[in-house]
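J.: I have a structure I would like to understand better, so I am pasting it below and will then ask my questions one at a time.
The values are calculated or read from the model by the stated rules, or taken from the named source; none is laboratory data. Only a predicted model underlies this, so the values are computations on that prediction, with no experimental measurement involved. Cβ sites come from the backbone with ideal geometry, for glycine too, and all protein chains shown count toward neighbours.
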Amino acid sequence: MSLTIEERLPALFDSAQGGSAAPEEVYRRLQFFSRVIRQAGVLENDFPRLIWFGEGGAISSVNIGATPVMIGRATDCAVVLAGARVSRHHCVVRETVGGRGGVEIEDLKSSNGTQVNGVALAAGARELRDGDVIEIGGVALAVVKGRGEG
């Protein structure tokens, strides 16, 4: 029996299976994942989006548009992540001032911090690029921009 790419992808990610891969390995795999998603034409629009493995290894995503995307443990967040290392309101991802496809992330003084491509965020906002990997409390999310954006 042949598995679809959606069925095979979670097995590539230890975090989706409760494992403990080294961060570099998680980033490498997620970058591969974001390329596969783009090339497979999975994006139904040109909005930048965040993609991650949710409950049970299911692929989850959220568009990054005019409304900022709050990420945290609280139920009022657009992306709710379970885990003791995730703050109630951990970080926010939003369009940059002026839009035009730019996306930035800002840590909201979370207890355990936020990393982008394995580097801890400093105070203030940081621009995100296509294929960047955000790690929050052990959960990795890939940034995938719309077609033709960098």
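J.: Looking at Asp107, is it among the acidic types (Asp, Glu) and closer than 22 Å to Ala58 by Cα?
T.: Taking the combined requirement at face value, the residue does not satisfy it.
J.: Same structure, new question: Scan (1) in a strand (DSSP E or B); (2) at pLDDT below 90; (3) closer than 14 Å to Val133 by Cα for the single condition Tyr27 breaks and write down its number.
T.: (1)
J.: Go through (1) polar (S, T, N, Q); (2) at pLDDT 70 or above; (3) more than 14 Å from Glu135 (Cα to Cα) and name the single condition Gln17 misses.
T.: Checking Gln17 against (1) polar (S, T, N, Q); (2) at pLDDT 70 or above; (3) more than 14 Å from Glu135 (Cα to Cα), the one that fails is (2).
Residues are listed down the side, and each one gets a yes or a no for (1) surrounded by 13 or more Cβ atoms within 10 Å (Cβ to Cβ); (2) without any contact (Cβ under 8 Å) to a residue 12 or more places away in the chain; (3) of a type in the set (Phe, Trp, Tyr); (4) closer than 22 Å to Val144 by Cβ:
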{"residue": "Thr75", "(1), (2), (3), (4)": "no, yes, no, no"}
{"residue": "Ala84", "(1), (2), (3), (4)": "no, no, no, no"}
{"residue": "His89", "(1), (2), (3), (4)": "yes, no, no, no"}
{"residue": "Glu104", "(1), (2), (3), (4)": "yes, no, no, yes"}
{"residue": "Gly118", "(1), (2), (3), (4)": "no, no, no, yes"}
{"residue": "Leu121", "(1), (2), (3), (4)": "yes, no, no, yes"}
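J.: Condition check: at pLDDT below 90 and surrounded by fewer than 17 Cβ atoms within 10 Å (Cβ to Cβ). Does Arg49 satisfy that?
T.: no
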